[in-house]
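What follows is one structure encoded as structure tokens, with my remarks underneath.
The values are calculated or read from the model by the stated rules, or taken from the named source; none is laboratory data. Keep in mind the model is a prediction, meaning the values are calculated, not measured. Please note: Cβ atoms are built from the backbone with ideal geometry, for glycine as well, and neighbour counts cover all protein chains shown.
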Amino acid sequence: MSTVPAEPSAQGQWEAWKRKELPPVERVRSDLWSVPVPIPHNPLRYTITYLSVSDSGVVVVDPGWFATETWDALVAGLAVAGASVSDVVGVVVTHIHADHHGLSGRLKQESGAWIAMHPAEREVLPVRLAETTPDSFDKDWLRSSGVPADVAGKLSFSPDAIKPFMELSLPDILLSDGDVVPHGSRTMRAVWTPGHTPGHICLYDSVRGVLLTGDHVLPRISPNIGMMVGDDDPLSSYIASLERIAAYDSAEVLPAHEYRFQGVARRTLALIKHHQERCDEISSVLRANGESTAWQITERLTWSRGWENVRGVMRRSAVAETCAHLQYMRKLGSVELIDGEVRRWRAGM
Ligand SMILES: [Zn+2]
């Protein structure tokens, strides 16, 4: 869902975004490049990959989706920056979603580069989750959220569909909060911003005056905050992470989608307001309809494209987002949980 958009700081990138084109490869700083790489069949259209260049080689931040056309765009972007795949010495991912981490494995394979991520992010890699969570976890979650059995069947993934995600690479280097990316003059530092995922990181570079925000803060859209393994109250985590990142207001914001912009503090306020409005809407739905499951609440919320056009896996993210809001509201006392095999919710006193 969109909120008040942020002010673009690069006209060309913004114009291209408006024309629904892939923005050009740009030299953002003398040693930092932005390379938009396509995400096939996805309304986000592209991931903005960043290349940090030093005498010792190139570090790629968020290399993008595992598709040939994405790889080709990345290789072409490296060439514009005067480099090739063999120059890549490291890969940093802000989080493990496949539109960010998808190509990390191939990059490592073809260049020998290390892969770095936050330790909490490693724990939610599908290959790790398969070891640490029971097989019935997903089915149980859908049922307890009140998703009807016939719908739940359509929201589950087949082993074939899961396979490429199971192959997402494990990290070689862990970047905890405050850790420096081991590259060049070592000016890029990890800022842990859990919420969108448990181990999401932003990268702050005080010398270049930039803040790479991944999906944490985007100029127009609000990232999905859904229930997941590894964080039982992701919306609280997200809001705390927004408040935290607002302190970097002087930096130019380099997000992983859409376009770069100035004014992270203002944008975080808009995102917090968006979630507060969603909580208010959930309260109204509960007051009007009485005890409801997360699924029943989700169907009654407003969706920018209409609920009937939220289909397939998108419905899954929608319910997960409602659950995240309910968990957050429960902590504040604005909703009450009636626990059971199917969880029901009612407005708080
Ligand atoms: Zn993401």
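In the set (1) more than 23 Å from ASP138 (Cα to Cα); (2) more than 22 Å from the chain's Cα centre (by Cα), the condition left unmet by ALA294 is number (1).
Table: residues versus (1) closer than 24 Å to ALA294 by Cβ; (2) free of Cβ contacts under 8 Å to residues at least 24 places away in the same chain; (3) more than 16 Å from the ligand (Cβ to nearest atom).
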| residue | (1), (2), (3) |
| --- | --- |
| LEU103 | no, no, no |
| ALA116 | no, no, yes |
| LEU125 | no, no, no |
| GLU131 | no, yes, yes |
| ASP140 | yes, yes, yes |
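Filtered by the rule that a residue be small (Gly, Ala, Ser) and under 16 Å from SER144 (Cβ atoms), the stretch 286-317 gives SER292, ALA294. All conditions in (1) surrounded by 14 or more Cβ atoms within 10 Å (Cβ to Cβ); (2) without any contact (Cβ under 8 Å) to a residue 24 or more places away in the chain; (3) closer than 24 Å to PRO5 by Cβ hold for ILE272, with the sole exception of (2). Scanning the stretch 242-276 for residues that are farther than 24 Å from ARG316 by Cα and polar (S, T, N, Q) returns SER250, GLN262, THR268. Restricting GLY112, GLY77, GLY82, GLY90 to those that are surrounded by 21 or more Cβ atoms within 10 Å (Cβ to Cβ), over 21 Å from the mean Cα position of the chain (by Cα) and more than 16 Å from the ligand (Cβ to nearest atom) reduces the list to GLY77. Within the stretch 106-129, count every residue that is part of a helix (DSSP H, G or I) and either farther than 21 Å from ALA76 by Cα or not charged (D, E, K, R) (or both). So the count comes out to 11. Applying the criterion of at least 2 residues that are among the polar types (S, T, N, Q) and closer than 19 Å to LEU212 by Cα to the helices (runs of 4 or more DSSP H) found wholly in the stretch 8-105 leaves 11-18. If you go through the stretch 130-161 and keep only what is assigned to a helix (DSSP H, G or I), hydrophobic (A, V, I, L, M, F, W, C) and surrounded by 13 or more Cβ atoms within 10 Å (Cβ to Cβ), you end up with TRP141, LEU142, VAL151, ALA152, LEU155. For the stretch 251-262, give me each residue that is outside any strand (DSSP E or B) and in contact with a strand residue (DSSP E or B) (Cβ under 6 Å, 6 or more places away or on another chain). Scanning the stretch 251-262 gives ALA251, ALA256, TYR259, ARG260.
For the stretch 213-229, enumerate the residues that are among the aliphatic types (A, V, I, L, M) and either touching an Asp or Glu at 6+ places or on another chain (Cβ under 8 Å) or modelled with pLDDT under 95 (or both). LEU218, ILE221, ILE225, MET227, MET228, VAL229, listed by residue number. Got a sec? Which of SER145, SER111, SER86 is of a type in the set (Ser, Thr, Tyr) and under 23 Å from ILE201 (Cβ atoms)? That would be SER111, the only listed residue that is of a type in the set (Ser, Thr, Tyr) and under 23 Å from ILE201 (Cβ atoms). If you go through the stretch 199-223 and pick out every residue that is within 24 Å of LEU332 (Cα to Cα) and surrounded by fewer than 21 Cβ atoms within 10 Å (Cβ to Cβ), you end up with 1.
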